[in-house]
Amino acid sequence: MDIIVTPPAPFVSVASEPALVRVRGLHLTVPASAGPVNILRGIDLDIAAGEAVGVVGPSGSGKTSLLMVLAGLEGATHGSVMLAGKEITGLDEDALARLRREQVGIVFQAFFLIPTMTALENVSVPLELAGVPDARARAEASLRAVGLGHRLTHLPGQLSGGEQQRVALARAFAPRPHLLLADEPTGNLDRATGEAVMDLLFALRAEFGTTLMLITHDPALAARCSRIVSIADGRIA
């Protein structure tokens, strides 16, 4: 399978902030019937541009919560998160949505495709909403890059689980994100299909130069990253 990619537009880094992602003193506390639950308890983490970081730890340790905060989908209780030298913890919802459109790609365990839209529409519509002038052409190129040039007009229900996750990958990479956040992206796939999807993800990441944070329970997948970060009880172990 040929992989056709275009490098992302270069981001501007601030000299005093060499890391693409810089997290300091990050806390996340959520209310519960039995009292507040401290999910993240003072996370400090730097991720360099172009780095691939595997995040491991037991269920409930705070891995997904950390990803959600970095994506701007969950608000931190205390602490700082900077992306390319810009503080994001104080941004409003509109600014966070723009951040995700322009700089952050996300791939979840669930595919989150719109069932009434074709594969091409699932990838192109977010680009169109972001004002990308060549949205349809870029979406088609992204789908061909993940080996789905023959599935452009198929609905998600007409695709296998592996094909749906490939559409999700195409959608995540199409905006040329600087940071890709992946949360157990093979969790709903059988082993062989999951390995093929991860081969594709790492190939695309390498071609784009995309920074990756991968949450996984699979030690073999984590070992493919350049660095492994272990989280336990809301802290980096």
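Read-outs: derived from the displayed coordinates by stated rules, not from any lab. Just so it is clear, the model here is predicted, and its values are computed rather than measured. Cβ placement follows ideal geometry from the backbone for every residue including glycine, while neighbour counts extend to all protein chains displayed.
General observations
- Size of the chain as Cα extents on the principal axes (Å, biggest first): 49, 38, 36
- Measuring how big region 101-229 is from its alpha-carbon positions, Rg and Dmax come out at 13.8, 41 Å.
- Added length on full extension, which subtracts the Cα-Cα distance from 0.36 nm per residue, HIS78 to ASN38: 13.3 nm
- Per-pair calculated FRET efficiency, R0 = 25 Å: GLU87 and GLU128 via Cβ, rounded to 0.05: 0.30
- Here r is the Cβ-Cβ distance between THR153 and ASP94 and R0 is 41 Å; the resulting FRET efficiency, rounded to 0.05, is 0.80.
- Its DSSP H runs of at least 4 residues, each contributing -39,500 (n - 2.57), put the calculated 222 nm mean residue ellipticity of the chain at -9500 deg cm²/dmol, to the nearest 500.
- When only the Cβ of Lys, Arg, Asp and Glu is charged (+1, +1, -1, -1), the dipole of the chain relative to its Cα centre reaches about 120 debye.
- Here the label points at ASP199 and ILE228, each 7 Å from Cα along the C-beta direction, are separated by 2.3 nm in the simple model.
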